[in-house]
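Have a look at the structure below, then the notes.
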Amino acid sequence: MRKKIIAGNWKMNKTVEEAVELAGELMRGYAEQTAVDVVLCPPFTSTKAVSDVVSESQIRLGAQNMSAEDGGAFTGEIAHGMLKELFVRYVILGHSERREYVGETDGEINRKVLKALEKQLRPILCVGETLEQREAGTMEQVVEQQLRGGLQGVEPSAYTELVIAYEPVWAIGTGKTASAEQAQEVHAFIRKLIGELAGAEAANAVRIQYGGSMKPANAAELLGQPDIDGGLIGGAALDAASFGGIIDAASEA
Ligand code: PEP
């Protein structure tokens, strides 16, 4: 059985004070729960403060990006060692907003995935098609290319640590959610592909999250699908009651 994983991507939201408040609210409800892996990914400016709030709880910390370099003259970048120092365990890589606005390529994302794994940080590798790609019927090709590119050189044994987030770009922040059947179909496709890339054991072990306007009202149905192992949550992660509702749905799924 794969343990469900619910991660909140706070994106470029929350001051330090607001981040501490939100983490504190979640601590009141979920500090000790172990049925679901809960991960908070605040902006870097709040990482230390949120780390202090959730330390000694079951809530884990994640980052929204990481450099593939170890350190040095890379203005504006954050290295793995800086994240680990703050007890960060997970790192979102290849989010569609970084692919689109920063121009991150599969090759660059792959270097980050390999670096994260080498340094015992768990990558949450994001993949997903745009609306145009879905309408053009190239969805599977796009997702396959992102996975083959992003996962090059990943050892089969590493798939227990790795998380994949399937996030159809047309569903992110738009209020449009993939139907449970649409999402399950792509998740099953991804798991089959991982089987081809890394073997049946890796395919069975890897956790695949759905992301794209997940909220308490649609979480139970999505999380009830056989190949949906959790959620990567944007908007609904900014509010403790909404995020908590999704964690509750995951623990009952
Ligand atoms: C995301 O960007 O990872 C995401 C899923 O956002 P939202 O939940 O707001 O659609």
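The values are calculated or read from the model by the stated rules, or taken from the named source; none is laboratory data. Not measured: the values here are computed from a predicted model. Keep in mind that these areas ignore ligands, DNA and RNA; they rest on the heavy atoms of the full protein, side chains included. Shrake-Rupley method; radii C 1.70, N 1.55, O 1.52, S 1.80 Å.
Using a probe of 1.4 angstrom, how much of the accessible area of the chain is carbon and sulfur, in percent? Answer for the chain is 50 percent, counting heavy atoms of protein chains only. Remark on Leu40: its backbone amide H falls under 5 Å from those of Gly8, Arg60, Leu61, Gly62, a criterion applied only to residues 5 or more positions apart or on other chains, H modelled at 1.01 Å from N.
Here's how it looks for Glu129: its modeled amide H is under 5 Å from those of Val169, which are all 5 or more places away or on a different chain.
In the chain, the calculated helix contribution to ellipticity at 222 nm averages -13500 deg cm²/dmol per residue, counting -39,500 (n - 2.57) for every DSSP H run with n ≥ 4. Amide H contacts of Leu93 (H built 1.01 Å from N, in plane; Pro and chain starts excluded): Ile124, Leu125, Cys126 sit under 5 Å, all sequence-distant by 5 or more or on other chains.
Taking all protein chains into account, the per residue accessible area for the chain stands at 45 Å² (1.4 Å probe). Shown in residue order for the stretch 94-104 are the 3J(HN,Hα) couplings computed by the Karplus curve 6.51 cos²θ - 1.76 cosθ + 1.60 at θ = phi - 60°: x, 4, 4, 5, 6, 4, 7, 8, 9, x, 5 Hz (x for Gly and Pro). Value of Rg to Rh for the stretch 1-124, rounded to two decimals, is 0.96; Kirkwood radius and Rg both from alpha-carbon coordinates.
For the stretch 5-252, the share of alpha carbon pairs falling in successive 5 Å distance bins from zero is 1, 7, 15, 19, 21, 18, 13, 6, 1, 0 percent. Find how many whole Å separate the alpha carbon centroid of the stretch 214-245 from the alpha carbon centroid of the stretch 1-63. If you average the Cα positions of each part, the centres end up 15 Å apart. If you average the alpha carbon positions of the stretch 77-130 and of the stretch 161-182, how far apart do those two centres end up, in angstrom? If you average the Cα positions of each part, the centres end up 18 Å apart. For the stretch 71-146, the pair-distance distribution built from all alpha carbon pairs, in bins 10 Å wide starting at 0, is 17, 44, 26, 11, 1 percent.
Residue-wise HN-Hα couplings along the stretch 38-46, as the Karplus relation 6.51 cos²θ - 1.76 cosθ + 1.60 with θ = phi - 60° gives them from phi, are 10, 10, 10, 10, x, x, 4, 5, 10 Hz; Gly and Pro carry x. Computed over the chain, relative contact order equals 20 percent, with contacts defined as Cα pairs under 8 Å that lie 6+ residues apart.
Remark: relative contact order (the stretch 154-253) = 31 percent; criterion is Cα-Cα distance under 8 angstrom and separation of 6 or more residues.
Each eigenvalue of the Cα gyration tensor of the stretch 203-253, multiplied by 5 and square-rooted, gives one semi-axis; in descending order these are 19, 11, 9 Å.
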